[in-house]
Amino acid sequence: MLSVRQSYTVTVSEGQDLRRKNRPVSRSVLTSSCLGLLINQARNKTPQGLVGLRNLGNTCFMNSVLQCLSNTPELRDFCLRYRHRLDQSCCRAQAALTEEFAKLTQTLWTSISSTAVSPLDFKSQLQRYGPKFVGCYQHDAQEFLRFLLDCLHSELNRATVRPKASTDDCDHLPDDEKGHRMWNKYQEREDSKVVDLFVGQLKSCLTCNECGFYSTTFDPFWDLSLPIAQRSSGEVSLIDCMRLFTKEDMLDGEEKPTCQRCKARTQCTKRFTIQRFPQILVLHLKRFSKSQIHSSKLSTFIHFPLQELDLGEFSLEGGEPAVYNLYAVSNHSGNTLGGHYTAFCRNPALGQWYSYNDSRVSPISPRQVRSSDAYMLFYELAAPRLHPHAGHQTILQEL
């Protein structure tokens with residue numbers, strides 16, 4: 001681990017005079033600078049985190065996701081405290097994208113002006129990882145989120161030795177113990193702040209209809225893509241979509257798996273349950289569908305709770321609590337031929353909801369948060385678990 005006295009070279013945004021460009025500054029001084037500026041903002045009632053992002057040409061998908069992540073309290077504090085620098089010292093990868101992401105987050109939360117900032121430096125670095133983001137093309141926000149989180153995880157992965165994944169020594173174990181063992185094996189290879197926050201574990205149960213053979217697999221998930229349930233009334237609930245996602249499905253025809261006992265492809269039933277809930281649960285509503293003829297979008301209004309989303313029925317009996325509070329929504333308006341992304345975020349400092357529409361930031365009421373444009377829902381566990389690499393309160397709680 002790096003010493004507190006370890007020096008870093010920091011590049012800051014224009015308008016911030018607390019740190020000079022390319023001047024070595026200790027981590028303690030950097031953290032104190034951020035804390036000092038936030039304290040001054042709190043005393044002067046200067047808005048915190050209410051800064052828009054300029055559209056660089058069809059980059060509304062990126063701006064929407066970045067605002068949702070910026071309003072993820074623990075991830076924001078991870079950047080404001082420069083803790084990403086400590087995690088970088090544990091891995092071998094160059095962390096240029098993480099640096100730009102952290103710098104952008106710091107600018108959004110420490111800017112002394114409400115003028116929108118440009119994410120150009122971040123996008124330029126992102127393009128080095130994903131050439132598909134070169135230019136001014138529209139992209140899917142959920143695909144971008146997964147790509148970005150995967151890149152940040154790769155740069156911050158604390159696992160220096162990554163043993164090959166194997167389930168051979170777990171098949172004989174009871175399901176709960178097997179799931180726990182598989183999660184530990186996963187973390188031996190994939191261990192970062194991103195995993196701490198966003199990754200959960202899904203349990204898949206497969207039952208052969210011929211011989212009754214039962215098998216389970218456990219896989220990590222970074223978000224859940226939920227099919228949209230349909231009701232005659234035209235309005236469905238988020239719980240309806242979760243029940244559709246976890247309902248027992250029949251695998252027949254070309255979907256038949258090979259039964260380990262029958263040694264042949266047989267008709268089976270499959271069902272999902274959530275073995276381990278993440279601290280930050282991202283629910284992707286599958287509004288877009290593609291066929292050989294055309295693409296379409298579902299504009300079904302889905303009722304989702306802003307507080308106390310209880311997902312206990314989708315976990316194992318006697319499993320861990322699963323009550324979540326909503327803090328951000330990525331919205332898509334329009335159709336498959338053209339559209340626009342925005343974000344609704346609950347400011348963690350003020351406790352109020354705001355609309356982030358590229359450069360424009362404006363307050364909204366809680367009743368405006370739900371709409372038929374909701375595309376990704378960001379929920380935080382109501383009683384966050386303590387991670388071995390955590391152990392600190394949020395910066396704004398300390399003020």
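The values are calculated or read from the model by the stated rules, or taken from the named source; none is laboratory data. This one's a predicted model, so the numbers in the text were calculated from it and none came from an experiment. Note: ideal-geometry Cβ built from the backbone for every residue, glycine included; neighbour counts use all protein chains shown. Note: areas computed on protein heavy atoms with side chains; ligands, DNA, RNA excluded. Shrake-Rupley method; radii C 1.70, N 1.55, O 1.52, S 1.80 Å.
In the set (1) outside any strand (DSSP E or B); (2) more than 25 Å from Y375 (Cβ to Cβ); (3) touching an Asp or Glu at 6+ places or on another chain (Cβ under 9 Å), the condition left unmet by S215 is number (1). Of all residues in region 162-176, one or more are in contact with a strand residue (DSSP E or B) (Cβ under 7 Å, 6 or more places away or on another chain) and not basic (K, R). Please work out if T336 is of a type in the set (V, I, T), assigned to a loop (DSSP other than H, G, I, E, B), over 22 Å from S237 (Cβ atoms) and touching a residue at least 24 places away in the same chain (Cβ under 8 Å). Yes. Scanning region 347-368 for residues that are part of a strand (DSSP E or B) and under 12 Å from L50 (Cβ atoms) yields W353, Y354, S355, Y356, R360, V361, S362, P363. Quick one: would you say E254 is free of Cβ contacts under 8 Å to residues at least 60 places away in the same chain and within 30 Å of the chain's Cα centre (by Cα)? No. Would you call G52 open to solvent by less than 50 Å² (accessible area, probe 1.4 Å), at pLDDT 55 or above and at positive phi? Considered against the rule, which asks whether it is open to solvent by less than 50 Å² (accessible area, probe 1.4 Å), at pLDDT 55 or above and at positive phi, G52 comes out as no. The residue of region 248-294 that is surrounded by the fewest Cβ atoms within 10 Å (Cβ to Cβ), among those that are among the acidic types (D, E) and farther than 30 Å from A141 by Cβ, is E254.
Count of region 98-124 residues, restricted to those that are polar (S, T, N, Q), crowded, with 18+ Cβ neighbours inside 10 Å and in a helix (DSSP H, G or I), is 5.
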